[in-house]
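Let me begin by presenting the structure, written as structure tokens, before commenting on it.
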Amino acid sequence: MADYETATAFLGEWGRFQREVFFLLCLTVFPNGFGGMYIVFVADTPAHACLIPAHVNLTAAWRNSSIPLEEESHSGAPVRSKCSRYSLEALEAFSDRGLLPGLDVDLSNVSTERCLDGWEYDRSVYTSTIISEWDLVCDNRWKKPLTSSVFFCGVLAGSFISGQLSDRYGRKIVLFVTLAMQTLFTLIQVFSPSWTVFCATFFVIGVGQISNYMAAFVLGTEILGRGVRTAFSTAGVSLFFGAGYMVLPLFAYFLRDWRKLVLGLSLPGFLFVPLWWFIPESPRWLLSQGRVEEAEAILRDAAKRNHIQPPAVIFCPSQVRSQKAHNICDLLRVRNIRWISLTLWNTVSIAYFALSLNTANLHGNAYFNSFLSALVEMPAYVLSWAMFRWCSRRLSLFSTLFMGGLFLLFIKLIPADRIYLAITFEMMGKFAVTTAFCIVYAYTAELYPTVLRTTAVGACSMASRFGSIIAPYFIYLRSYSISLPYILMGSMMALSGLLSLLLPESFGMPLPDTIAHMQHFPGRTTRLNTEEEDDMKCTSSLAG
């Protein structure tokens with residue numbers, strides 16, 4: 001099509017049709033705010049110690065002293081061991097002889113053993129988590145970060161598959177199929193009999209979550225006009241995502257058992273079934289497939305909703321031809337994809353998910369910290385819209401990434417007793433990386449053409465999932481040094497901010513429909529193949 005936006009300008013920017021599409025597509029993103037992130041509460045580790053069986057014949061004094069004290073790695077204060085206990089055989093012998101711990105017996109000379117009878121967990125915060133149910137502590141504590149990584153492996157697979165399916169079969173069908181997938185497997189996860197089954201369902205949930213998000217994101221980007229598109233792709237979907245994230249700690253506060261929490265979070269997904277009859281397919285995508293009649297039917301219905309008389313002919317069939325089928329291999333020939341994936345998506349993915357998953361480790365109430373982490377995202381989304389509306393894309397990414405990196409690096413300089421100051425800087429870093437994450441999604445959708453847009457966003461997202469997969473292990477580094485994760489994330493963000501200045505500028509540019517229309521790096525050109533050159537000449541002649 002010579003100029004899709006000119007041909008559809010008769011619809012206006014903000015009629016009833018656009019408002020319905022804007023709101024309903026944003027609504028489909030709402031469950032993604034708590035989908036996956038509920039692992040913060042479902043896999044939180046309660047205070048625990050070795051279980052001393054009730055049948056063991058010990059006096060009260062020896063039962064109270066059955067767990068050795070260890071020096072806490074962070075503060076150096078003595079705490080009860082989580083993975084060992086004094087030998088019960090030795091303790092029973094001392095108890096039978098009437099000896100007292102610490103007075104008659106030097107406990108430092110008593111042998112220790114592993115938690116052979118399991119663990120007892122503090123139930124004051126959680127009734128049950130997957131950690132307490134399947135004893136994912138001590139020798140099995142490596143399974144906790146792996147659980148989150150399995151989810152992000154699903155997100156990686158979904159990013160790879162759904163983009164190509166969406167570009168081939170349509171945005172709408174992928175949106176609703178993956179919404180159903182996410183809802184059903186979240187419900188199935190409630191009945192997981194083991195950690196392995198939990199992880200298997202979590203993988204599929206990850207596939208569904210990223211797939212429906214990308215489909216909704218691209219669908220709105222293609223249907224809405226330029227001004228509304230900016231608000232949708234930055235503040236719109238992000239604010240609804242943030243609202244879902246804010247609901248999560250409220251659900252978790254009242255549902256302290258992990259199975260009840262997951263069940264409660266799965267049920268809202270069934271409310272989206274009726275939206276199939278209200279959300280249309282992308283007319284822009286239909287045109288790229290040569291399905292002119294279907295595209296015109298959607299636009300005429302939109303004109304009717306907006307109380308506008310459409311022109312007799314919206315698209316001239318002689319000016320519309322279906323585009324050559326493209327796939328992810330076409331992207332690998334374009335330099336932009338490699339730079340955007342390496343410099344931006346991986347960095348923002350690591351920082352965003354690591355900081356989000358870290359809320360349970362912060363000082364204070366886990367529910368409040370999670371709510372605060374979600375709350376700081378809301379103004380970040382509004383800022384991303386303002387920056388995307390009026391500012392250069394490169395400068396927007398540079399400023400948010402570089403400042404976010406500095407905030408995280410400053411945490412290392414804060415004294416250990418200034419806990420709340422450290423949390424403030426961490427939230428400022430979360431604010432900055434959230435803004436950058438929101439901008440990079442919209443920026444990527446601007447750079448790539450209609451024939452490859454969902455595939456491109458999916459490919460960039462897929463590449464970034466290597467970052468999100470290792471994000472839980474950044475938090476795991478806290479066990480060696482509290483400041484180490486912040487140093488690594490802060491350095492990566494600051495460096496990526498500087499490298500973002502080398503990316504192409506798309507501010508004020510029309511949304512590309514073919515590969516030939518893509519923006520390229522400053523001072524670089526990409527050799528077009530014969531078909532792309534013909535497309536460029538055809539477009540120029542039609543525009544003339």
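The values are calculated or read from the model by the stated rules, or taken from the named source; none is laboratory data. If you're wondering where the values come from, they're calculated on a predicted model, not measured in any experiment. Cβ: placed from backbone, ideal geometry, glycine included. Neighbour counts: every protein chain shown. Protein only, heavy atoms only, side chains kept; ligands, DNA and RNA dropped before computing areas. Shrake-Rupley method; radii C 1.70, N 1.55, O 1.52, S 1.80 Å.
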Residue check, I482 against (1) at pLDDT below 75; (2) out of contact with any helix residue (DSSP H, G or I) (no Cβ under 8 Å at 6 or more places or on another chain), all met but one. Which one?
(1)
Does any residue in region 468-493 that is open to solvent by 20 Å² or more (accessible area, probe 1.4 Å) come within less than 8 Å, Cβ to Cβ, of a residue that is among the aromatic types (F, W, Y) six or more places away or on a different chain, and which pairs are these?
I469/F152; L488/F474
Count - residues of region 1-51 that are part of a loop (DSSP other than H, G, I, E, B), among the β-branched types (V, I, T) and surrounded by fewer than 20 Cβ atoms within 10 Å (Cβ to Cβ):
1
Considering only residues that are at pLDDT 90 or above, assigned to a loop (DSSP other than H, G, I, E, B) and farther than 15 Å from S66 by Cα, which ones fall in region 87-123?
D122, R123
Flag if L265 is in a helix (DSSP H, G or I) and open to solvent by less than 20 Å² (accessible area, probe 1.4 Å)
yes
Please go through (1) crowded, with 17+ Cβ neighbours inside 10 Å; (2) under 22 Å from A9 (Cα atoms) for Q309 and return the number of the only condition it doesn't satisfy.
(1)
I'd like to check something: does region 137-150 contain any residue that is touching a His at 6+ places or on another chain (Cβ under 9 Å), modelled with pLDDT of 90 or more and outside any helix (DSSP H, G or I)?
yes
Scanning region 178-210 residue by residue, those small (G, A, S) and within 18 Å of F270 (Cβ to Cβ) turn out to be A180, G208
Failed item, numbered, when K82 is tested on (1) without any contact (Cβ under 8 Å) to a residue 12 or more places away in the chain; (2) within 29 Å of L362 (Cα to Cα):
(1)
Filtering region 273-291 down to residues that are more than 15 Å from G220 (Cβ to Cβ) and either in contact with a strand residue (DSSP E or B) (Cβ under 6 Å, 6 or more places away or on another chain) or open to solvent by 20 Å² or more (accessible area, probe 1.4 Å) (or both) yields V273, P274, W276, W277, Q289, G290, R291
In the set F191, F198, F217, F176, the lone residue that is within 20 Å of F353 (Cβ to Cβ), hydrophobic (A, V, I, L, M, F, W, C) and either open to solvent by 10 Å² or more (accessible area, probe 1.4 Å) or under 16 Å from the mean Cα position of the chain (by Cα) (or both) is F217
